[in-house]
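Data block below; observations after.
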């Protein structure tokens, strides 16, 4: 008869592999964000917000003047104003993406903002560059932003002991769009990996986690589960809440699409060893 036994051993979680580009095609990275200039696509301020949401971003804010200067470089034609995420909320100017800047006053174009000129902030390039306020109904180009895709490395270190944790990028903060992250849990040759989830908040159907028995990518890796459902909320008895390998390696591949960001997932792994007990 066989029994499963949790054992103390050495676990190595190999660094996640960045197999995706930081930004989608057509976007440009600056710092920890990706930016897209809409070019010939022109919208009102509110419709620009909606457009950015459909491509996985937000109407861009600016933390400081250097960030704004980068955005100005994306919209070099001084004949066209460009929407940013700045708007007037009562008597206070704010960014729609919740960017907070202590130095917003340094980012206004000379003489701006003007009273009764409009409640939305646009970007002006050229000699008098900076933000200026215009009516929100104006139709003009705009700049969207989104977080860069980055595989989490905070939990990917050598661990000693029987248990450990793995999680989605940035957990419990939101993960990014366009992720394709791979993590490997590698135990000793005589051991196996058991994984159980304690948190799951992933966009259904479009973002998902694939578990492999073995090293993926590799010819011998077998799919254990393709998690498009919440493994912490299982009512179907035929679906197991825990996931086990038959080898000493478990691979986790987390894939997200280009829109909707959530807090992601967190799981605990345990090492197991199979041993035989002779029964009289």
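Values for this structure:
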{"quantity": "Residue match in the range 240-251 (condition: within 20 Å of the chain's Cα centre (by Cα) and either within 30 Å of residue 58 (Cα to Cα) or modelled with pLDDT of 90 or more (or both))", "calculated": "yes"}
{"quantity": "Residues (touching a strand residue (DSSP E or B) at 6+ places or on another chain (Cβ under 9 Å) and assigned to a helix (DSSP H, G or I)) located in the range 100-139", "calculated": "104, 106, 107"}
{"quantity": "Filter pass, residue 246 being within 15 Å of residue 171 (Cβ to Cβ) and either assigned to a loop (DSSP other than H, G, I, E, B) or assigned by TED's automatic domain parsing to the domain that holds residue 58 (or both)", "calculated": "no"}
{"quantity": "Residue check for residue 268: outside the structural domain of residue 33 (by TED's automatic domain parsing) and at pLDDT below 90", "calculated": "no"}
{"quantity": "Filter pass, residue 167 being touching a residue at least 12 places away in the same chain (Cβ under 8 Å), closer than 30 Å to residue 273 by Cα and under 17 Å from the mean Cα position of the chain (by Cα)", "calculated": "yes"}
{"quantity": "Single residue of the range 140-163 satisfying the filter (assigned to a strand (DSSP E or B) and surrounded by fewer than 18 Cβ atoms within 10 Å (Cβ to Cβ)) that is modelled with the highest pLDDT", "calculated": "163"}
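Condition check ((1) in a loop (DSSP other than H, G, I, E, B); (2) in the same structural domain as residue 247 (by TED's automatic domain parsing); (3) modelled with pLDDT of 85 or more; (4) under 30 Å from residue 33 (Cα atoms)) across all residues:
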{"site": "176", "(1), (2), (3), (4)": "yes, yes, yes, yes"}
{"site": "183", "(1), (2), (3), (4)": "no, yes, yes, yes"}
{"site": "190", "(1), (2), (3), (4)": "yes, yes, no, no"}
{"site": "194", "(1), (2), (3), (4)": "no, yes, yes, no"}
{"site": "205", "(1), (2), (3), (4)": "yes, yes, yes, yes"}
{"site": "211", "(1), (2), (3), (4)": "no, yes, yes, yes"}
{"site": "223", "(1), (2), (3), (4)": "no, yes, yes, no"}
{"site": "229", "(1), (2), (3), (4)": "yes, yes, yes, yes"}
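The values are calculated or read from the model by the stated rules, or taken from the named source; none is laboratory data. Note that the structure is a prediction, hence the values are computed from the model and not measured. Glycine gets a Cβ as well: all are built from the backbone with ideal geometry, and neighbour counts include every protein chain shown.
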